[in-house]
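The values are calculated or read from the model by the stated rules, or taken from the named source; none is laboratory data. The shown structure was predicted, so the numbers you read here are calculated from the model rather than taken from an experiment. Using ideal geometry, Cβ is built from the backbone for each residue, glycine included, and neighbour counts are taken over all protein chains shown. What goes into the accessible areas is simple: the full protein's heavy atoms, side chains included, and nothing from ligands, DNA or RNA. Shrake-Rupley method; radii C 1.70, N 1.55, O 1.52, S 1.80 Å.
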Amino acid sequence: MVGGGSERQLLYLLRGLDRSRFEVFLYLLYPEGPLMVQIPDDVLQTSFWGSRSVPKINWPGRFHREQVRDLADTIARWKIDVTYDRLFHTAMINGPASMRTKCPRISTIVSPPSHDLPHAEKRFVWLKRRLLARSYLQAERLLAVSSTTADDASHYYHIPRDRFEVVPSAVDLVRIDALASESSEPLPKECFHVISIGRLSSEKGHATLLAGFARFIELTHAPSLLHIVGDGPLRSELESQAEHLAIRQITRFYGHLDNPYALLSQCNIVVLPSHYEGMPNVVLEGMACRVPVLATATAGAASELLGNGTRGVIIDAPRPDWIASALLDCWKHPAVWLSRIESARRYVEQHHDLPRWLAAMESILLQTAIRQRSE
């Protein structure tokens with residue numbers, strides 16, 4: 001539960017499912033991460049590595065087989081009626097475990113796999129692609145967070161496109177509005193504030209953002225601050241890059257924030273420089289907080305969310321000069337960028353509201369479990 005978009009969406013389910021109809025269980029590989037404290041007390045938890053230590057001797061496939069066996073035993077012990085997974089790591093385990101126990105399964109694909117799988121996995125990618133294709137084909141309901149992701153997954157895994165149901169990610173507007181209004185350290189009014197929120201890993205494009213921000217400073221010498229919220233394996237490398245670019249004094253690295261919205265709502269622009277995404281939650285959150293959004297067209301559904309430029313600004317690729325140019329335009333013409341924020345907020349209210357998403361997910365879960373019982 002490291003704080004990514006999928007983990008936050010999972011928390012919505014854990015907190016929001018109607019307890020008069022659902023008893024909720026959570027199976028984790030690693031019982032760690034800043035979001036662990038937000039798991040409701042009535043959710044029964046277990047984890048694969050919670051009571052194990054890594055053995056000295058390993059061989060290909062050993063952990064996978066043990067994890068499948070452990071999850072299958074857990075499904076049987078808890079008498080689970082339906083399972084749900086959101087990440088390909090868990091789909092690779094939950095697929096065979098659910099088949100072994102004849103438990104119906106729902107799976108969501110959250111990122112375009114043609115980018116996500118080769119980026120995340122360095123060994124046996126071809127084999128994992130085959131295992132995942134089989135796993136997703138065996139799911140009773142196969143969901144995708146965007147049409148872009150569904151199209152990519154259909155092509156990559158050779159799964160008929162009509163097997164996919166698009167269920168966009170949700171935003172808890174009530175909670176975001178409340179957190180955004182919480183008192184926090186006010187940002188200096190004289191500065192132009194740029195913010196990026198996300199895991200500090202290569203696909204998120206922070207290195208490009210730093211270079212683009214440095215170029216913007218060279219062009220304008222404007223009093224500015226870059227706020228980077230999130231943690232990950234590249235943090236020290238990105239801090240060194242900021243030092244090398246001579247912007248370290250005007251770049252703040254926060255790590256994980258329990259409430260990023262009080263900071264986000266004060267900024268002039270939120271930037272998503274990702275190389276790929278499925279349904280970028282930070283774009284939805286920026287739109288919800290009425291902050292102008294800049295995103296790359298390569299970032300999955302960002303173009304769809306931003307109405308091809310009517311609710312935010314899209315650049316074709318994460319390039320430093322294009323980011324610098326867009327920042328310059330926002331700094332020079334803030335009224336133009338602010339003119340889009342009300343339309344962006346209405347779009348989130350109409351298409352990504354949490355109660356509507358929870359109702360859809362509850363219906364899918366119940367239909368899947370009931371259909372299995374009747375067969």
Rank TRP357, TRP331, TRP78 by mean-square fluctuation in a GNM of the chain with C-alpha springs under 10 angstrom and give only the top-ranked residue.
-> TRP78
Lysine pairs, Cα distance under 24 Å, 8 or more residues apart or cross-chain: how many in the chain?
-> 7
Checking VAL174, VAL145, VAL54 against a Gaussian network model of the chain (alpha-carbon springs below 10 Å), the top fluctuating residue turns out to be VAL54
Label point 7 Å beyond Cα of GLN367 along Cβ direction - residues of the range 137-153 with amide nitrogen under 14 Å = 140-144
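Compactness ratio of the range 161-320: Cα Rg over 2.2 N^0.38 Å, N = residue count? Kindly include the intermediate steps, with their values, before the conclusion.
On the way: Rg = 15.6 Å, N = 160, 2.2 N^0.38 = 15.1 Å.
Normalised by 2.2 N^0.38 Å, the Cα Rg of the range 161-320 equals 1.03.
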Where both residues lie in the chain, what percent of DSSP beta bridges are antiparallel, nearest 5?
-> 5 percent
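Per DSSP H run of at least 4 residues, take -39500 (n - 2.57); add these up for the chain, divide by its residues and hand me the 222 nm value, nearest 500 deg cm²/dmol.
Values: 16 runs with 175 residues, N = 375.
Calculated from helices alone, the mean residue ellipticity at 222 nm is -14000 deg cm²/dmol.
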More than 18 Å apart: what percent of Cα pairs in the range 302-371 qualify?
-> 57 percent
Which of PHE25, PHE124, PHE48 fluctuates most in a GNM of the chain (C-alpha springs under 10 Å)? That residue is PHE124
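Using a 1.4 Å probe and counting only protein heavy atoms, arrange MET92, MET361 so the residue with the most accessible area comes first.
Working: MET92 25, MET361 0 Å².
Of MET92, MET361, the descending order of accessible area is MET92, MET361.
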Determine ³J(HN,Hα), in whole Hz, for all residues of the range 229-240 in sequence, where each value follows from phi through the Karplus function 6.51 cos²θ - 1.76 cosθ + 1.60 and θ = phi - 60°; x replaces Gly and Pro.
-> 10, x, 9, x, x, 9, 4, 5, 5, 5, 5, 5
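With a 1.4 Å probe and all protein chains left in place, how much accessible area per residue does the range 188-241 have, in Å²? Please report the intermediate quantities before stating the final value.
On the way: 2130 Å² over 54 residues.
So the range 188-241 comes to 39 Å² accessible per residue, rounded to a whole number.
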Sorted by accessible area with a 1.4 angstrom probe, largest first, how do THR296, THR101 fall?
-> THR101, THR296
Expressed in Å to one decimal, the Kirkwood Rh of the range 17-71 from all distinct alpha-carbon pairs is 13.3 Å
Please report the orientation-averaged projected area of the chain, defined via the convex hull of its C-alpha atoms, in nm².
-> 19.3 nm²
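Rank these by accessible area, largest first, 1.4 Å probe: LYS79, LYS332. Provide the component values of the computation, followed by the final result.
Numbers: LYS79 160, LYS332 125 Å².
Reading off the accessible areas and sorting them downward yields LYS79, LYS332.
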Whole-Å semi-axes of the range 111-221's equivalent ellipsoid (Cα gyration tensor) = 38, 22, 12
